[in-house]
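A quick write-up on the structure given underneath.
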Amino acid sequence: MELFFNPFDNLLCILLGISFTVWFTLLLVFIIVPAIFGVSFGIRRLYMKTLLKVFEWATLRIERGAKEKNHHFSCICLFIGSNKDLDSAPEFEMSDIFYFARRGVESIMDDEVTKRFSAEELESWNLLTRSNYNFHYISLRLTVLWGLGLLIRYGFLLPLRVTLAFTGVGLLVFLTSVIGLLPNGRMKNFLSEKVHLMCYRICVRALTAIITYHDSENKPKNGGLCVANHTSPIDVIILASDGCYAMVGQIHGGLMGVIQKSMVKACPHIWFERSEVKDRHLVAKRLSDHVEDKSKLPILIFPEGTCINNTSVMMFKKGSFEIGATVYPVAIKYDPRFGDAFWNSSKFGMVNYLLRMMSSWAIVCSVWYLPPMSREEGEDAVQFANRVKAAIARQGGLVDLLWDGGLKRAKVKDTFKEEQQKLYSKMLVGTQEDRSRS
């Protein structure tokens, strides 16, 4: 039987093969190889500077359009007002109070706690539809620019980033599983650290993360605790791309479980079963045993216990401050102009969140390594935790709050309510005493 091939099909296969080869070569030369050696060509920073120029132009264009619209609206109001009978007084309607009632309710709801669990509203538009819902059609050029940005983000950046993410995670699972077969020793530890750094740096490039590290001489050392504010699950990747850490967390199933099992073969991470997480004494003992061995990597912990929108630092859980280890505070501050890194776990699942991250312009952040801190004489764990939290908030330009991040999903504890009731009752009693004296 004679087979006939369509020349068009052959040409299509050749073009696809060439495209795949060029794509993989670019990934290998400009991303994967630099990640292995920890070098950068400066492409991401040039990309960031270009975006800033575009955002500045878009902001100026939006402000000009808003001024023109307000001027047009003022002229219409002036025309309508001039045609009114000046002698006729406006009549009161019940709906007139709705605006003030709404503003009052908004003031009550917009407290210093609740707004920390929602994405930060930007003052200017960064050409992302989800960044600010108050901006609508302004001009044709701005709309065309937004459409072009949409095409670049979803047509080029998203496939590139997904490819890099699968490459980084795949290499992490495969290489850590291979290293886990080696006997314990210096060679195994050395290879494990290099593999972790390489894979995390590839994952950082999958987010087009542009990170500036400050005061690297204060980087966490073996046998210590690295404590940082928590905004997103990618906080781990941000920090682990600059140094190796022992992770602490609950054992998961699925893909995350496969990653955890492979990682623990090459490095002594601390994973807990679901039933063990609530056992504070068991958790504290596992952490204490780890930090007592000065040859083991520093433990990375986020004491807030939940993600906050990077405008504040909320209450630190005291458990990690009770074990007596040296604490290395780290402050992380994201730039929301390029992409909002905050994970609202009550609104978005992990996959949805990662897709939003990978379809943003970039993830830009600064990391400050603060000097190590130890528990002072006569200082309890809560006071020590608050002192570390205050240092992180001060360095990162964040608001230092005493409220528990658990309020994100739970109601206010009765103890907090009772404290407020006591303060209010003291005010009343004090007022009555003053009156009786007078």
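The values are calculated or read from the model by the stated rules, or taken from the named source; none is laboratory data. Remember, it's a predicted structure, so these values are computed and weren't measured experimentally. Note that each Cβ is placed from the backbone with ideal geometry, even for glycine, and that neighbours are counted across all protein chains shown. Note: accessible area is taken over every heavy atom of the protein model, side chains too, but ligands, DNA and RNA are not part of it. Shrake-Rupley method; radii C 1.70, N 1.55, O 1.52, S 1.80 Å.
Worth pointing out:
- Met358 being closer than 30 Å to Phe166 by Cβ, aliphatic (A, V, I, L, M) and modelled with pLDDT under 85: no
- Some residue of the stretch 316-329 being in contact with an Asp or Glu (Cβ under 8 Å, 6 or more places away or on another chain) and either crowded, with 18+ Cβ neighbours inside 10 Å or within 29 Å of Arg153 (Cβ to Cβ) (or both): yes
- The single condition from (1) of a type outside the set (Phe, Trp, Tyr); (2) surrounded by fewer than 17 Cβ atoms within 10 Å (Cβ to Cβ); (3) modelled with pLDDT of 75 or more; (4) in a helix (DSSP H, G or I) that Gln420 fails is (3).
- Picking from residues in the stretch 323-335 that are at pLDDT 85 or above and of a type outside the set (A, V, I, L, M, F, W, C), the one that is farthest from Ile363 (Cα to Cα) is Thr326.
- Residues (in a loop (DSSP other than H, G, I, E, B) and over 22 Å from the mean Cα position of the chain (by Cα)) located in the stretch 285-321: Asp293, Lys294, Ser295, Lys296, Leu297, Lys318
- Once the stretch 179-232 is narrowed to residues that are among the hydroxyl-bearing types (Ser, Thr, Tyr), within 21 Å of Ser366 (Cβ to Cβ) and not in a strand (DSSP E or B), the residue that is farthest from the chain's Cα centre (by Cα) is Ser216.
- The single residue among Arg186, Arg201 that is of a type in the set (D, E, K, R), modelled with pLDDT of 85 or more and farther than 19 Å from Arg44 by Cα turns out to be Arg186.
- Residue pairs whose Cβ atoms lie under 8 Å apart, sitting 6 or more positions apart in sequence or on different chains, and linking a residue in the stretch 369-395 that is farther than 23 Å from Asn222 by Cα to a partner that is modelled with pLDDT under 90 and among the hydroxyl-bearing types (Ser, Thr, Tyr), are Ala393/Ser312.
- If the condition is being open to solvent by 50 Å² or more (accessible area, probe 1.4 Å) and within 14 Å of Ala331 (Cα to Cα), then the stretch 361-385 contributes Pro371, Pro372.
- For the stretch 213-249, a residue qualifies if it is of a type outside the set (Lys, Arg) and open to solvent by 50 Å² or more (accessible area, probe 1.4 Å), and the qualifying residues are Tyr213, His214, Asp215, Ser216, Glu217, Asn222, Val248.
- The lone exception for Val258 - which of (1) in contact with a strand residue (DSSP E or B) (Cβ under 8 Å, 6 or more places away or on another chain); (2) not in a loop (DSSP other than H, G, I, E, B) it fails: (1)
- Qualifying residue in the stretch 208-217 (condition: at pLDDT 90 or above and more than 27 Å from Arg337 (Cα to Cα)): yes
- Just one of the listed residues (Ile179, Ile202) is surrounded by 18 or more Cβ atoms within 10 Å (Cβ to Cβ), β-branched (Val, Ile, Thr), more than 22 Å from Asn222 (Cβ to Cβ) and in contact with a helix residue (DSSP H, G or I) (Cβ under 8 Å, 6 or more places away or on another chain), namely Ile202.
- When the test is whether a residue is polar (S, T, N, Q), modelled with pLDDT of 70 or more and open to solvent by 50 Å² or more (accessible area, probe 1.4 Å), Gln395 passes it.
- When residues of the stretch 131-148 are limited to those that are open to solvent by 100 Å² or more (accessible area, probe 1.4 Å) and not aliphatic (A, V, I, L, M), the one modelled with the highest pLDDT: Arg141
- Close contacts from the stretch 232-247, counting a first residue that is farther than 22 Å from Leu355 by Cβ and a second that is surrounded by fewer than 20 Cβ atoms within 10 Å (Cβ to Cβ) and at pLDDT 85 or above, with Cβ to Cβ under 6 Å and a gap of 6+ residues or different chains, come to Asp242/Tyr213; Gly243/Lys219; Cys244/Glu193.
- Every condition in (1) modelled with pLDDT of 80 or more; (2) buried (at least 16 other Cβ atoms within 10 Å of the Cβ); (3) under 24 Å from Cys226 (Cα atoms) is met by Gly339 except one, and the failing one is (3).
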